[in-house]
Amino acid sequence: MPLKASYGNYLTCPMCDVEVPLAGDEKTGEQVFCPYCQTPLLLKRTKTDDYYLEEDF
Ligand SMILES: [Zn+2]
């Protein structure tokens, strides 16, 4: 199941609300960095298959 269709190419940073660009092949649990505030973020998935980012301090 391709992730790309589920979250598009952007998810919102929980720290600064900027849109974080994603390549589309990231996996759940993968770490990405917000390009604006440099916060390490984990890609998470809800039970309803929605993807979101969570701070990973
Ligand atoms: Zn941010």
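Tell me, LYS44, LYS27 in order of fewest to most beta-carbon neighbours within 10 Å? It would help to have the intermediate numbers written out before the result.
Numbers: LYS44 15, LYS27 8.
Listing LYS44, LYS27 from fewest to most nearby Cβ atoms yields LYS27, LYS44.
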Legend entry - Extended-chain gain in nm, criterion 0.36 nm per residue less alpha-carbon gap, THR12 and ASP49: 11.7 nm
Inset, instruction - Could you run the Debye sum over the Cα atoms of the stretch 4-55, one equal point scatterer each and no solvent, and tell me log10 of I(q)/I(0) at q = 0.14, 0.16, 0.24 Å⁻¹, two decimals? - result: -0.28, -0.37, -0.86
Legend entry - Amide H within-cut-off set for LEU11, under 5 Å, with H built and near neighbours excluded: VAL20, LEU22
Inset, instruction - Just grab the label-to-label distance for GLU26 and GLN38, each label 7 Å out from Cα along the Cβ direction, in nm (one decimal). - result: 1.8 nm
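Determine the calculated [θ] at 222 nm for the chain from helices alone, applying -39500 (n - 2.57) to every DSSP H run no shorter than 4 residues and normalising by the residue count; nearest 500 deg cm²/dmol.
On the way: 1 runs with 4 residues, N = 57.
-1000 deg cm²/dmol, from helical runs alone.
Laboratory data are not the source of any read-out in this text; all were calculated from the coordinates shown. For clarity, every value in this text was computed on a predicted model and none was experimentally measured. Reconstructed Cβ throughout: ideal geometry from the backbone, glycine too, with neighbour counts over all protein chains shown.
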